[in-house]
């Protein structure tokens, strides 16, 4: 029984790690589309999309890959990712948990706090640096109960910084963040 609990615990820790890294690396990129040819000259100026990753997002889905494939998939929750002029804040009050499918067990992750930092560079290699973190992260499920500080987790996972490849679809209001061990889907708020 101890071996099964250890495996479940390890999977839960991996799920938490994947979500934290993905949250810290949340962002998007945007490619302007070519205008359709027209017979008459266009005298109006199209509205410019907000620079990516600037904006407010909600984390809506997560999928572990590679070393984190044992983390399974997650969805739901109320974790926000806000990007403004080179600064990011990842925050939640923990009221709505992220539902995790860890294979043999299901669990819930709650994040109550915030992680702040900076971002810079091209969305294909967006560099993120954590500056501070406050609060707690917890995972609970059948046979699984773990708690972590947001500061300790941010330091462990991001350290001096992390690089992510991100894309977004302005028309759909979604962004996909591709990390070495996870993919994260974000939906633009408001």
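No value in this document is a laboratory result; all are computed from the given coordinates. What you see is a predicted model, and the numbers here were worked out from it, not measured in a lab. Using ideal geometry, Cβ is built from the backbone for each residue, glycine included, and neighbour counts are taken over all protein chains shown.
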Task: Efficiency of FRET between residue 85 and residue 146 - r from beta-carbon atoms, R0 35 angstrom, step 0.05 - done: 0.50
Task: residue 129-residue 171 pseudo-label distance in nm [points 7 Å out on the Cα-to-Cβ vector] - done: 3.8
TODO: Could you check the simple spin-label distance between residue 189 and residue 120, using points 7 Å along Cα→Cβ, in nm with one decimal?
DONE: 2.7
